[in-house]
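Undergrad: Sending over a structure as structure tokens; questions will come in a sec.
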Amino acid sequence: MIYLDNILIYSNNISAYYHYVKKVLRHLCKANIYAKAKKYKSYFKSVEYLEYIFPPSGLTMSNNKVKIIQDWLEPNKIKDT
């Protein structure tokens with residue numbers, strides 16, 4: 001998944017993960033796009049990305065996003081919707 005200057009690479013195992021990392025870096029290099037090594041984070045079991053959490057059990061929303069939705073005020077008039 002790519003969003004602006006963020007790339008998220010997902011895999012079920014470490015060897016496939018590194019295979020995908022190399023593949024993505026090769027494609028970036030061919031396009032003359034280079035990733036900053038200092039921004040690279042490797043093989044997390046759970047990661048928060050674009051307000052979503054990607055744990056091994058499946059996709060969930062971040063707690064902050066859920067709280068915002070829970071705190072929405074109920075509309076009183078049609079104009080409020």
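Please treat every number below as a calculation from the coordinates, not as lab data. What you are looking at is a predicted structure, and each value in this text was computed from that prediction instead of being measured. FYI the Cβ positions are ideal-geometry reconstructions off the backbone, even for glycines, and counts take in every protein chain you see.
Undergrad: Step by step: find N for the stretch 1-43, compute 2.2 N^0.38 Å, then divide the Cα radius of gyration by it. What's the final number? Mind dumping the intermediate values first?
TA: Working: Rg = 10.4 Å, N = 43, 2.2 N^0.38 = 9.2 Å.
So the stretch 1-43 has a normalised radius of gyration of 1.13.
Undergrad: State the number of lysine pairs found in the chain whose Cα atoms come within less than 28 Å, restricting to pairs 8 or more positions apart or on distinct chains.
TA: 25
Undergrad: Under the rule of at least 5 residues apart or a separate chain, name every residue whose amide H is placed under 5 Å from the amide H of Ser62.
TA: Under 5 Å from the amide H of Ser62: Tyr52, Ile53.
Undergrad: Further, regarding this structure: Given +1 on the Cβ of Lys and Arg, -1 on the Cβ of Asp and Glu, and no further charges, what dipole in debye does the chain carry about its Cα centre, rounded to the nearest 20? Kindly include the intermediate steps, with their values, before the conclusion.
TA: Working: 13 positive and 6 negative charges, 115 e Å.
Dipole about the Cα centre, nearest 20: 560 debye.
Undergrad: Continuing with the same structure: Dividing the convex hull volume of the Cα atoms of the chain by its residue count, what figure in Å³ per residue is obtained? It would help to have the intermediate numbers written out before the result.
TA: Numbers: hull volume 11.4 nm³, N = 81.
Here the figure is 140 Å³ per residue.
Undergrad: Oh, and also: Taking neighbour Cβ counts within 10 Å as the exposure measure, how do Glu74, Glu51 sort from fewest upward?
TA: Numbers: Glu74 5, Glu51 11.
So the residues, fewest neighbours to most, are Glu74, Glu51.
Undergrad: DSSP loop trypsin sites (Lys or Arg not before Pro) in the stretch 1-72 with at most 13 other Cβ atoms within 10 Å of their Cβ, which ones?
TA: Values: sites: Lys22, Lys23, Arg26, Lys30, Lys36, Lys38, Lys39, Lys41, Lys45, Lys65, Lys67; in loops: Lys36, Lys41, Lys45.
Counting only loop positions with at most 13 other Cβ atoms within 10 Å, the trypsin sites (Lys or Arg not before Pro) in the stretch 1-72 are Lys36, Lys41, Lys45.
Undergrad: Where does helix 14-30 land angle-wise versus the long Cα axis of the chain, in degrees 0 to 90, nearest 10?
TA: 80
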